[in-house]
Each structure stands twice: as C-alpha cells, then as structure tokens.
Amino acid sequence: MNSVGEACTELKREYDQCFNRWFADKFLKGDSAGDPCGQLFKRYQLCVQKAIKEKDIPIEGLEFMGPNKGKTENSS
C-alpha cells in the first residue's frame, strides 16, 4: 500500500520492512529490547505530516497520536 504522500512511499516501505524483520526475528522470539526502526519511523512520520499539510487534509479529531494525547478540550 502506498503512503498518503507519494514522496513518503519509499520511506513507508523501508519502515515496514524494518518493523516486520524486527517483529519476526526478535520480538516473537522474546527479544523486545531496542528500537531498530525508530529513526525510520520518525522520518516517515515527518514526511506524512508534511504531505497532509500540503494536501490540506483535515485531521481534526485525530490528535490521539500527537502531542495532545490524553488532553480534552474545555467545552465551556
């Protein structure tokens, strides 16, 4: 599956490969130490955020993955 931004698709594939390899070769065998794919994920995440802004995709209500996690708006 391609990413939301065409420029991000290769980063997504790299991250997916890294994660799947780590999951199968390490995590499922009891080794959950380390984060070998963290930097790839951060690069991919930044690319997706940029693509969302460029395409003007509304993301209201999706802050559950961002810095406002767990915060609620004051409705008064």
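The values are calculated or read from the model by the stated rules, or taken from the named source; none is laboratory data. All figures in this text were calculated on a predicted structure; none of them were measured in a lab. Note that we place each Cβ from the backbone using ideal geometry, even for glycine, and neighbour counts take in every protein chain shown. Ligands, DNA and RNA are excluded from the accessible area calculation, which covers all protein heavy atoms including side chains. Shrake-Rupley method; radii C 1.70, N 1.55, O 1.52, S 1.80 Å.
Could you please find all residues in the range 36-62 being in contact with a helix residue (DSSP H, G or I) (Cβ under 7 Å, 6 or more places away or on another chain), open to solvent by 70 Å² or more (accessible area, probe 1.4 Å) and part of a helix (DSSP H, G or I)?
Step one: filter the range 36-62 for residues in contact with a helix residue (DSSP H, G or I) (Cβ under 7 Å, 6 or more places away or on another chain), giving 36-37, 40-41, 43-44, 47-48, 51, 59.
Add one more test, that the residue is open to solvent by 70 Å² or more (accessible area, probe 1.4 Å), and what stays is 36, 41, 43, 59.
Hits for the range 36-62 are F41, R43.
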Taking K69 as meeting all but one of (1) open to solvent by 70 Å² or more (accessible area, probe 1.4 Å); (2) touching a helix residue (DSSP H, G or I) at 6+ places or on another chain (Cβ under 8 Å); (3) at pLDDT 95 or above; (4) not β-branched (V, I, T), write down the number of the exception.
-> (3)
Confirm whether A33 is at pLDDT 60 or above, among the aliphatic types (A, V, I, L, M) and surrounded by fewer than 10 Cβ atoms within 10 Å (Cβ to Cβ).
-> yes
Residue tally, condition of a type outside the set (S, T, N, Q), over 12 Å from the mean Cα position of the chain (by Cα) and not in a helix (DSSP H, G or I), over the range 1-16 = 2
